[in-house]
Each structure stands twice: as C-alpha cells, then as structure tokens.
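The values are calculated or read from the model by the stated rules, or taken from the named source; none is laboratory data. These numbers come from a predicted model, not from an experiment. Note that each Cβ is placed from the backbone with ideal geometry, even for glycine, and that neighbours are counted across all protein chains shown.
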Amino acid sequence: MPRLRSVTFNLYWAAWTALFLVPLVVLALCGSPERPIRAATRLWARGILYGLRRIVGLTYVEEGREHIPSEPCLIVANHQSAWETLAFLVLIPDVAIVAKRELVAIPVVGWFLKRSPMIIIDRANGSQALRTMIDQSREAIAQGRSVLMFPEGTRGEIGEPVQFKRGVELLYARLGLPVLPVAVNSGLYWPSGGAKRPGKVIVRYLDALAPGLSSAGFMSATQDAIDRELDRWRVAPRIRPVADVGLPTS
C-alpha cells in the first residue's frame, strides 16, 4: 500500500506541476516579477503538501515558532529528504534557499525556483560558488528575506549524526546574522530511494544563536543542538569526524 500511495502521489505531483505552465508563460511575458513568482511558488508547494496529506497520509507539525527571529536570519536545518526543500517555501514565506544548480533543470519547477529567486550555486566551482552564495545571501537580506541552508551537503540518513560542511561557517561569519537551527525528521517517512509513508513530520525550531560566535563555537552549537533533537527521535549518536570544506545542497 505505501508503494501504491507513493506512485499515485508522484502522478499527482506531475499533474499539479504541469498546471503551472500557464502562469509560467504569463509571468514570463510580464517580465518575471519576483513577488508574483514567489507567490506562485508557494502555491505550488502548498499543493504538493496537500497531495502528501490526502494521498500518502503524510502531515507535519511545527514546534517552537516563537524562536524564529523577527528580523532576517540565517536558518540552518538538517536535510533528510525532498520534503523540507519544498515545505520551507510555505513554512518561512519569502525565504531564500541555498540550492544546487541541478534544481533549476527540473521542468517548470526550476524556472520558478530560479526566479523566486533562490540562491543557486554550482558546487563544482568551489570558490566562485562561495562568492555567489555570500553575495546573493546579502541581496536577499537587504530585501528583508531570511536565508535557508542545508549545510550537510547531501541528504542524511535518519540514523546518521549531523555533519556540516564548512561553507555554512563562512556564511555565518560574513553575514553577521542570528542563526535559527531547525531539526526535522522527514527521513522517517520519505526515505531516500524508498516509498513515502504516512506519518507526521516534526519541524522543530530551536533557540536562536547570536552573531559573533567563533567558528568552532558556531559549528559546535548548531550541530549539537540539532543532534540532540535527532536523538529524541531515536537517531543513534556517533562520533562526528571533522568536515571538509564544502557547499550545501537541497
């Protein structure tokens, strides 16, 4: 049954996405205005979450929204599935997500994400990608938007500890913003390569961190805070090796 529901949802996803061809053409003819494009992107994401709820039986709950700073901030979340990539478009309106370049190649969806605009980076070009990430993050902040990053560099398994790449450390140092750590357990219900399962994804916003921490203090505080939450979902803790310099992905 989970497999059948998952296949049915994938068909729904494709059909729902195809409907956005019409607004894509209209918005392109109107010069690709950012605010209407972001509104359309959020509508698309809401439709995907609706399909997950109705077809798969996968819902979500938010905990700790009182911890979200009122001003733009750097949001740092663990990454277990595609769920959080699309859900944050709804959970944090107008958020600018640091995402890999491959996403913009997805038909229809990629056009909207690129022009929302998200912060699209080419991980194969390390130094240039870092400059792009910092410059576009500053532009988003100037517009009053928060920046979201998945610093693990790839989707983590549910039983693995959080292991950040060093790109987030540089971004934290350059932006000088409060940081909002977020823990999610979507991998329990949307495992990589597996069928989507019914359940309730928990999105837990943790205590915000002030700007100005040392690099080591920032990395330790964010990773440990998220790891503690994952432990509550019975994720086995393990000793974390030192991460190599790298960039995030969605």
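Quick check: is even one residue across region 162-172 assigned to a strand (DSSP E or B), charged (D, E, K, R) and within 17 Å of the chain's Cα centre (by Cα)? Before the answer, list the steps.
As a first pass, look at region 162-172 and keep what is assigned to a strand (DSSP E or B): none.
For region 162-172, residues assigned to a strand (DSSP E or B), charged (D, E, K, R) and within 17 Å of the chain's Cα centre (by Cα): absent.
The set of residues in region 57-93 that are within 23 Å of ILE106 (Cα to Cα) and among the β-branched types (Val, Ile, Thr) comprises THR85, VAL90, ILE92. Tallying residues that are in contact (Cβ under 8 Å) with a residue 60 or more places away in the chain and assigned to a helix (DSSP H, G or I) within region 29-51 yields 6. Please go through region 205-225 and give me each residue that is under 21 Å from PRO72 (Cβ atoms) and under 20 Å from the mean Cα position of the chain (by Cα), ordered by number. Selection gives TYR205, LEU206, ASP207, ALA208, LEU209, PHE218, ALA221, THR222, ALA225. Inside region 83-106, can you point out the residues that are of a type outside the set (Ser, Thr, Tyr) and more than 20 Å from PRO69 (Cα to Cα)? Within region 83-106, TRP83, LEU86, ALA99, LYS100, ARG101, GLU102, LEU103, VAL104, ALA105, ILE106 qualify.
The set of residues in region 206-231 that are small (Gly, Ala, Ser) and surrounded by 21 or more Cβ atoms within 10 Å (Cβ to Cβ) is empty. Residues in region 23-58 that are β-branched (Val, Ile, Thr) and surrounded by fewer than 14 Cβ atoms within 10 Å (Cβ to Cβ): VAL25, VAL26. If you go through region 102-132 and keep only what is modelled with pLDDT under 85, within 24 Å of ALA15 (Cα to Cα) and of a type in the set (D, E, K, R), you end up with just GLU102.
Checked against the criterion of being modelled with pLDDT of 95 or more, in contact with an Asp or Glu (Cβ under 7 Å, 6 or more places away or on another chain) and crowded, with 18+ Cβ neighbours inside 10 Å, region 155-163 has no qualifying residue.
Name the single residue that is nearest to the chain's Cα centre (by Cα) among those in region 186-204 being crowded, with 22+ Cβ neighbours inside 10 Å and hydroxyl-bearing (Ser, Thr, Tyr). Going through the qualifying residues, I end up with SER186. Selection of region 33-51 for residues being in contact with a Phe, Trp or Tyr (Cβ under 9 Å, 6 or more places away or on another chain) and farther than 19 Å from ILE92 by Cα yields only GLY51. Which count do you get for residues in region 174-216 that are in contact with a helix residue (DSSP H, G or I) (Cβ under 6 Å, 6 or more places away or on another chain), among the small types (Gly, Ala, Ser), assigned to a loop (DSSP other than H, G, I, E, B) and over 17 Å from SER146 (Cβ atoms)? Going through region 174-216 one residue at a time, the tally reaches 1. Filtered by the rule that a residue be among the aromatic types (Phe, Trp, Tyr) and under 22 Å from GLY194 (Cα atoms), region 17-54 gives a lone residue, TYR50. Just one of the numbered conditions (1) surrounded by 14 or more Cβ atoms within 10 Å (Cβ to Cβ); (2) over 23 Å from the mean Cα position of the chain (by Cα); (3) farther than 30 Å from ALA195 by Cβ is not true of ARG5: (3).
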